[in-house]
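Shown next, in structure tokens, is the structure this report addresses.
The values are calculated or read from the model by the stated rules, or taken from the named source; none is laboratory data. Nothing here was measured: the structure is a model prediction, and the numbers come from that model. Glycine gets a Cβ as well: all are built from the backbone with ideal geometry, and neighbour counts include every protein chain shown.
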Amino acid sequence: MKALKSNALGRVVSKYFQDYLPTLRGMSINTIRSYRDALVLYLRYASSKSGTSFEKLDLDAFSADQVAGFLADLEKSRKCSISTRNARLAALHTFARFAVSIAPEFLVEFQRIISLPFKRGAQRVPVEFLTSSEVDALLELPKGASEEDQRDVAIFALMLNTGARVQEICDLQVSDIRIEKPYQVRLKGKGSKERNCPIWKRTADRIKRMLNQSMWSTEPDQPLFVNRRGERLTRFGIYYLLRKRIEDCSNNIDESRGRRIHPHVLRHTTAVHMLKAGVDFATISQWLGHASLNTTLGYARVDMDIKRRALAQVFPDAPTAPRAGGIPNTHVVDWLRRI
């Protein structure tokens with residue numbers, strides 16, 4: 001079989017991910033993965049449109065017209081939001097700027113790609129979160145729980161306890177968790193920033209029981225959460241486990257009216273419950289590892305009860321929150337302690 005020689009695209013991609021992004025730009029591993037996903041999606045699209053096998057594509061596969069078609073396909077076929085579409089375009093812009101320095105003969109076409117505008121009108125989608133009863137249902141171990149069931153509930157409890165991003169949970173090693181007093185976990189967030197979050201005894205006990213099972217290693221440098229093959233769980237793996245758990249709890253967790261529960265909903269749940277309990281925005285921002293307080297302020301528009309209380313301070317005769325339904329305004333410590 002004839003060996004496949006590397007072409008200009010292969011050389012550019014190699015330097016882009018091995019040298020440019022991590023070394024010259026100093027981007028985090030999560031940002032690099034996002035850029036990688038965007039490029040892979042585009043190359044798959046270009047391969048399907050041109051009828052050329054993936055590995056035989058070259059730099060001439062990049063054109064402004066084809067990138068525009070790819071962006072439209074993201075929204076139409078993959079049902080991506082405008083913000084996701086713009087994020088993919090930003091990744092392709094960065095690649096195009098780098099590729100020009102390696103292959104200046106493609107300058108004109110890459111300039112046209114760089115000139116493609118971001119799409120306006122990106123709307124904020126409603127922030128979904130779980131009610132207290134839904135949290136209880138999610139964390140209830142089924143009868144005859146297996147080792148995998150205990151792992152899944154430990155993951156969801158830790159995510160709700162800390163408000164951690166799903167990638168932060170995936171990156172955890174055994175050495176990052178302290179399951180003796182004082183119970184806490186070290187999370188590595190965006191931009192390689194680390195933060196320590198306290199966890200409650202019940203969460204620590206769940207993880208301790210998990211680690212006592214036969215399929216887990218307690219070596220400090222080993223992943224904390226692994227699959228059946230002993231490999232580190234990925235974001236997609238945790239998404240699958242959550243979807244499976246939601247299906248098992250379908251009688252207690254409502255997904256009607258287009259509501260879709262994914263791992264980031266657990267992070268939203270922590271933030272909203274803390275906000276409803278009266279915790280200030282600065283504390284929530286530090287707890288969640290937000291780079292800017294403006295990100296945390298976005299939760300202020302989530303809950304009707306918060307808006308009613310704000311209205312009542314100005315207009316005392318304003319309608320109060322209905323008695324039935326909703327989430328009881330308990331203190332965040334009481335709520336988290338039950339996780």
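What the table below lists for this structure:
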item: Pair list, Cβ under 7 Å, 6 or more apart: segment 25-36 residue more than 13 Å from Ala87 (Cα to Cα), other residue modelled with pLDDT of 90 or more; result: Met27/Leu21; Asn30/Gln167
item: Scan of segment 133-160 for residues that are touching a residue at least 60 places away in the same chain (Cβ under 8 Å), among the basic types (Lys, Arg) and out of contact with any helix residue (DSSP H, G or I) (no Cβ under 9 Å at 6 or more places or on another chain), ordered by number; result: none
item: Test: residue in segment 171-178 that is free of Cβ contacts under 8 Å to residues at least 40 places away in the same chain, assigned by TED's automatic domain parsing to the domain that holds Lys244, surrounded by 14 or more Cβ atoms within 10 Å (Cβ to Cβ) and of a type outside the set (Asp, Glu); result: yes
item: From the options Asp205, Asp221, residue that is assigned to a helix (DSSP H, G or I) and at negative phi; result: Asp205
item: Unmet requirement for Ser217, which otherwise passes all of (1) over 17 Å from Met159 (Cα atoms); (2) modelled with pLDDT of 90 or more; (3) of a type in the set (S, T, N, Q); result: (2)
item: The one condition in (1) closer than 29 Å to Gln286 by Cβ; (2) under 22 Å from the mean Cα position of the chain (by Cα); (3) among the basic types (Lys, Arg) that Arg243 fails to fulfil; result: (1)
item: Out of Arg202, Arg235, Arg228, Arg206, sole residue that is closer than 24 Å to Pro22 by Cβ and either in contact with a Phe, Trp or Tyr (Cβ under 6 Å, 6 or more places away or on another chain) or in contact (Cβ under 8 Å) with a residue 12 or more places away in the chain (or both); result: Arg235
item: Exclusive hit being closer than 30 Å to Cys249 by Cα, in contact (Cβ under 8 Å) with a residue 24 or more places away in the chain and surrounded by 17 or more Cβ atoms within 10 Å (Cβ to Cβ), set Leu59, Leu92, Leu130, Leu71; result: Leu130
